[in-house]
Amino acid sequence: MNKLAAFTLAKPYVASALLLVAALFGLLLDWLPISVAGLLALFIAALAAFYFARNRAAWVKVVLWLPLLPLGLAIALMRPEGFSYPLVFSMDELYPDGKPFDLHLNMAKALAGYAVVIWLLGSAPKQMLVTGRQVFVWPILLAGGVLGVAIPLLGLEWQPKWGLHAMWFLLVNLLVTCVAEESFMRLLVQGPLQRALQRFGAAPAAFIALTVTTVLFAAAHSPQGAHAWAIYLVAGCAYGAAYTLTGRLSAAIATHFLVNAVHYLLLTYPL
């Protein structure tokens, strides 16, 4: 093995070790519950096993892939009784007569999302339907479509809001929420599912994978009411479509972030 190959092989190990060190500091600072930290370590080990099985028989990959789904969801959604993730800011109202809003940093969700990026981003072959400038145009169009449905359906009003809280929201939303959710949904669910369906000759594989991932995305957000379900389904479909069209995780993240940023900065928030 030459030095370049050895370095390339070592990168995910080193990056994963840094994530585990970050998790250890999270435990010491009480930013991470010990039960979730244990699941995170197991999740990273399972990701590594799935990565190294990429050239093995299909049934081996399926067996190693299936536990990753409940593990990832449990890490993102689990809230042990009495535990709260660190508070970034708390406001009684973001604008006059608005609702109170607290922003927490979900450290477990962030670490799990970056673990997926570390192990799976470079291992999946890109399957793209558009190239060139369209790669940048489609996220804008899809984000506009989501907002175009959400504004009348949820009765969102013009409520611009600025300040330091907006900067913190955008930073946490991009680097934690969007990266974590899109890496999980696209690299761990939609991409592998589409490739598996293609391998077994299921058609249309891209449509089936997108549909399954869209429903999973909506369900993971536990929407209350038909309108909320509809918006999460539309949003999940748009983010997945960005990935299907461009073959890029960054396109799905950009679409997701554009929707959230416009919603927070310019419209009624929180719902």
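Just so it is clear, none of the values below were taken in a lab; they were calculated from the coordinates. These numbers come from a predicted model, not from an experiment. No Cβ is skipped: glycine too gets one built from the backbone with ideal geometry, and neighbour counts run over all protein chains shown.
Worth a mention:
- Amide H partners (placed H, <5 Å) of residue 89, local residues excluded: 103
- Residue 54/residue 28 FRET efficiency (R0 45 Å; Cβ-Cβ; nearest 0.05): 0.80
- Rg ratio for segment 151-255: its Cα radius of gyration over 2.2 N^0.38 Å, N being its residue count, equals 1.20.
- Normalised contact order of segment 1-126, rounded percent, pairs of Cα under 8 Å and 6 or more residues apart: 30 percent
- Comparing 80, 59, 38 along the charge dipole axis of the chain, the residue lying farthest to the positive side is 59, per the Cβ-charge model.
- Packing-based order for 48-56, 35-43, 112-120, using average beta carbon neighbours within 10 Å, highest first: 112-120, 35-43, 48-56
- Annotation: segment 91-217 has a Kirkwood hydrodynamic radius of 17.5 angstrom, from the mean reciprocal C-alpha pair distance.
- Charge-dipole axis of the chain as Lys and Arg at +1 and Asp and Glu at -1 on Cβ define it, positive-most pick from 236, 224, 261: 236
- Computed label-point distance, nm, for sites residue 63 and residue 11 using a 7 Å Cα→Cβ extension: 3.0 nm
- Across the alpha-carbon set of the chain, the Rg to Rh ratio works out to 0.97, Rh being the Kirkwood radius.
- A simple charge model with +1 on the Cβ of Lys and Arg, -1 on the Cβ of Asp and Glu and nothing else charged puts the dipole of the chain at about 1340 debye relative to its Cα centre.
- Model label sites at residue 21 and residue 35, defined 7 Å from Cα along the beta-carbon direction, differ in position by 3.0 nm.
- Segment 129-144 and segment 26-59 have Cα centres spaced 33 Å apart.
- Stretching residue 91 away from residue 224 to a fully extended chain increases their span by 45.5 nm, per 0.36 nm per residue minus the current alpha-carbon distance.
- Among 248-254, 151-157, the peptide with the highest mean count of other Cβ atoms within 10 Å heads the list, and the full ranking is 248-254, 151-157.
- For segment 1-142, the convex hull spanned by the alpha carbon atoms encloses 190 Å³ per residue.
- If you plug the beta carbon distance of residue 265 and residue 200 into 1/(1 + (r/R0)^6) with R0 = 41 Å, you get a FRET efficiency near 0.40.
- Shape of segment 206-271, Cα gyration tensor, a/c cut at 1.5: oblate
- Here each label is just a point 7 Å from Cα along the line to Cβ, and for residue 78 and residue 140 those points are 4.3 nm apart.
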